[in-house]
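A short write-up of the structure that comes next.
The values are calculated or read from the model by the stated rules, or taken from the named source; none is laboratory data. What you see is a predicted model, and the numbers here were worked out from it, not measured in a lab. Quick reminder, even Gly has a Cβ in these numbers, built from the backbone with ideal geometry, and neighbours come from all protein chains shown. Side chains are part of the model used for accessible areas, which takes the heavy atoms of the whole protein and leaves out ligands, DNA and RNA. Shrake-Rupley method; radii C 1.70, N 1.55, O 1.52, S 1.80 Å.
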Amino acid sequence: MANPADKPDPNLTSPDEVELREDPEDINGGEEEEEDEYEGEDDDEATASKPQSREDAAASRVNAQNLFRRMGVAPVPVRVHDVIVKGNEKTKDHVIEAEVDGVRHATTLQELLEAANVANSNLRALDIFDSVKITLDAGPPELPDTTNVVVKVVESQSPLAAEIITSTKSQARSSSLEGSLKYKNIFGHGDIWDTSLAYGCDSSGEVGLGLYLPRLRGRPSPFTSRVYLSTQDWIKFSSYRERALGVSLGVLLSKNHELGYTLAWRNLIDPTQMASRAIRRQIGHSLVSDLKYSFKVDERNSALRPTRGYSFVSTSQIGGLAPDSRTLRFLRQEFDVKYAVPLGFYRSALNFGVSGGITFPWGSGYKSRASSVSERFFLGGNISPVCSLEGPSALWGFKTRGLGPNEPRREVEDENQSGGDAYERDFVGGDVAVTAYADLSFDFPLRWFRERGIHGHVFACAGNMAELSGNKYRNFTLNYCHILKKQEHDRAKSGFFLTFSTPSS
Amino acid sequence: MEGDQDTSGFTLVTRKPCFGLPTACPNCLPAYIYLKLAQLPFQLAFNSTFPDSDELPYFETGTYVAYNNEDGGVIEKLKKDGVVNLDSQLHSQPEYLSLKALILSWLEEALAYETWVGTEGVSAWKIYYADLPWVISKVLFYKQTYMAKTRLGITKENAEQREQQIYKRASDAYEALSTRLGEQKFLFEDRPSSLDAFFLSHILFTIQVLPETSVLRCKLLEHGNLVRYADKLKLECLEAPSSSSSPPLHSFPSSFSRKGSKPKSKQKVEKTEEEKKFKKRAKYFLAAQFLAVVIYLSVMGGVSNDELEYEDDD
């Protein structure tokens, strides 16, 4: 499900979507007669009132120009008296008012317009309205310099929506094609219920039921919950398949902080019965009850091709939070730092990044117990490390799970291998991993490439894993890799190949 | 997810030990005993998180693995792959196949029935689900019970009839095997075979794991020579005599009609760990009592009679 918590940038919202209508007497104590109105252009069907006569329209235009001139010179003081919500039959008033609340703090007209734009974006981001229009109306005659903010919404006629999208879920850990059916705003709290079916590029699949709430108990913290049944197939790389049935809850505490909890029944099986020893020891059932906290700061100017800024992500996970001591107990910490320096020509930039992670079990016998293979780190794949914010996972030059500790698979005498792609070793992952890269990206001198967003880059990357004990597609990059060093069994690839750059959610 | 101490050599991966047996799983115990009878040195590793797997037990050495759901079972696979074969030259014997059929079909069915249906899975909880959280255990228990009933062909309509048939066959099998065995050490002359492994495993499981109210257990205990056979082989195969953690089988009542009688036998071959522990604790208790009395007397002697008056406690 595309995360509705990603609100559209209010700066991109057209200022025309806010309508300003004032009665003459109320601005500046009624000294000037002003009737300013400029048309709002809604994305969807227009719900604006019918335009007045031609003379009134001309007068309005003149007054609007006057108002703009005044606003350009000095702040125009104004106070919001009331917020009036119209057009909501199902949606609760407090849901809308909570998104528009920012306008109450405006003290000048300029601030008010900006706050109204933000409110408009917030309401659209709820994804439950066909159109949103915010009008600034005159306040009561006895209170000068006040304005009423009128929010007029048109609720979605059909609360049912179907879509097919590509997305990434934390449970699936890969890109996937997903079909979903959404039922919006059943209870009027901006709630969105969805049923989805996802199929991933690595033969993974997921069926799930989700709920999204824009606010939790009045706090501006979007809440998501999901019941899912998923399968991830790692047979080709590590000789196991992972099935999970669980429930996950997530709260976006603020722009930078996110908290999540997962309770899942996980089952690792080896249907081919060809697994290596380390994987054989992992086969079985486990109950995962883990809490995850993420701190994320992304000040880069672009998630796909950053040329300026920095980002920092830290993810901490603790598993085994249950009264039953037999749940899977582990600790996991990841961090990811990226920095982009613009070089000033051909939109080029130098990108640096370091990411690392560590995981180990806790509880009785933790020193001798192997960590769960599902919590380990794997490097390699068709993900660009410049864009990925998922900790140590992406590394140019190596195939999916193509790097790190590995073990020989079971040997059988009969020839029942599938030919070409048959690998003889399992990559079992590492308990500690670190990657680093340096990347110089630049536009090609030809305009044809620039117009199509095709750019070039030269990079160097390194990564390592040790035992103590992928994922989104949008842009297209062609890379040439020359492997400087690899270990005996690492599956590296030199030469030209394609990677897909996509921002992490 | 258990770690092994040794990666080289032979390893048998089974379910966890319980009830005084090196592995309490009735599918895993035969393989263990078979390797012990063959005197093949091996390590034991445990998988306690996959109760519904038919791959266990599996035998591994280097990159060679023999799973239990291939080639008729891990023992058959080990024979076929030439790792260890106790049954060479026995295939020609006419009784081999008939005994094999008795043990591997009738007795195995009876054991499966008794474990999952007859005793309502009382022992199964400890064997299979000790290391799994309750939620998972509950679901898997129902799943395995259902699968056992399906495999045994038990439906609501024929449950009683099928139960009688299973117990009758088990009785007949015990009778035949008891007659065949006599007081021999092994089923076939003086050499161990895979059938001894299966049969010994069956007896040990029935006596030590199934509850005392089990019908199958009572039927087995009627045959004293079978119990003695198992007792003797158990000493050889399972534990070294000095560190045996389970009571000798013959200390169990030999007939279920003597339910209320004392279980202690006058002739103990070895002291059990429980008895040793009990004796140690008794010594500590007596020592503590003695010390308390000494302290009491010394304290009382040092305090004047005018200041303190104590009541004598019993």
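Figures for the structure shown
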{"item": "Condition broken by residue B:62, with the remaining ones in (1) within 14 Å of chain A (Cβ to nearest Cβ); (2) crowded, with 20+ Cβ neighbours inside 10 Å satisfied", "result": "(2)"}
{"item": "Conditions (1) part of a helix (DSSP H, G or I); (2) open to solvent by 40 Å² or more (accessible area, probe 1.4 Å); number of the one not met by residue B:114", "result": "(2)"}
{"item": "Top-ranked residue of region B:199-246 - restricted to ones that are assigned to a loop (DSSP other than H, G, I, E, B) and at pLDDT 90 or above, ranked as surrounded by the most Cβ atoms within 10 Å (Cβ to Cβ)", "result": "B:210"}
{"item": "The one condition in (1) under 22 Å from residue A:220 (Cα atoms); (2) within 13 Å of chain B (Cβ to nearest Cβ) that residue A:297 fails to fulfil", "result": "(2)"}
{"item": "Leading residue by the ranking (nearest to the chain's Cα centre (by Cα)) among those in region B:117-139 that are crowded, with 18+ Cβ neighbours inside 10 Å and within 14 Å of chain A (Cβ to nearest Cβ)", "result": "B:128"}
{"item": "Residues located in region A:203-212, provided they are in contact with a Phe, Trp or Tyr (Cβ under 8 Å, 6 or more places away or on another chain) and surrounded by fewer than 19 Cβ atoms within 10 Å (Cβ to Cβ)", "result": "A:205, A:207, A:209, A:211"}
{"item": "Test: residue in region B:47-59 that is in contact with a helix residue (DSSP H, G or I) (Cβ under 7 Å, 6 or more places away or on another chain) and farther than 29 Å from residue A:373 by Cα", "result": "no"}
{"item": "Complete set of residues in region B:41-54 that are part of a loop (DSSP other than H, G, I, E, B) and more than 7 Å from chain A (Cβ to nearest Cβ)", "result": "B:41, B:42, B:48, B:51, B:52, B:53, B:54"}
{"item": "Inter-residue pairs, beta-carbon under 7 Å, first closer than 20 Å to residue A:408 by Cβ and in region B:64-81, second open to solvent by 10 Å² or more (accessible area, probe 1.4 Å) and assigned to a helix (DSSP H, G or I), 6+ apart", "result": "B:66/B:77; B:70/B:77"}
{"item": "Residue tally, condition open to solvent by 50 Å² or more (accessible area, probe 1.4 Å) and within 24 Å of residue A:125 (Cβ to Cβ), over region A:135-156", "result": "1"}
{"item": "Flag for residue A:352 being away from chain B (no Cβ under 14 Å), hydrophobic (A, V, I, L, M, F, W, C) and farther than 30 Å from residue A:445 by Cα", "result": "no"}
{"item": "Options B:80, B:16: the member that is open to solvent by 20 Å² or more (accessible area, probe 1.4 Å), closer than 20 Å to residue A:281 by Cα, among the basic types (Lys, Arg) and within 14 Å of another protein chain (Cβ to nearest Cβ)", "result": "B:16"}
{"item": "Qualifying residues in region B:155-198 (those that are small (Gly, Ala, Ser) and open to solvent by 10 Å² or more (accessible area, probe 1.4 Å)) - the one nearest to residue B:110 (Cα to Cα)", "result": "B:171"}
{"item": "Failed item in (1) aromatic (Phe, Trp, Tyr); (2) within 30 Å of residue B:62 (Cα to Cα); (3) part of a loop (DSSP other than H, G, I, E, B), with residue A:360 passing the rest", "result": "(3)"}
{"item": "Answer residue from region A:363-400, given it is away from chain B (no Cβ under 14 Å) and over 24 Å from the mean Cα position of the chain (by Cα) and is least open to solvent (accessible area, probe 1.4 Å) among those", "result": "A:397"}
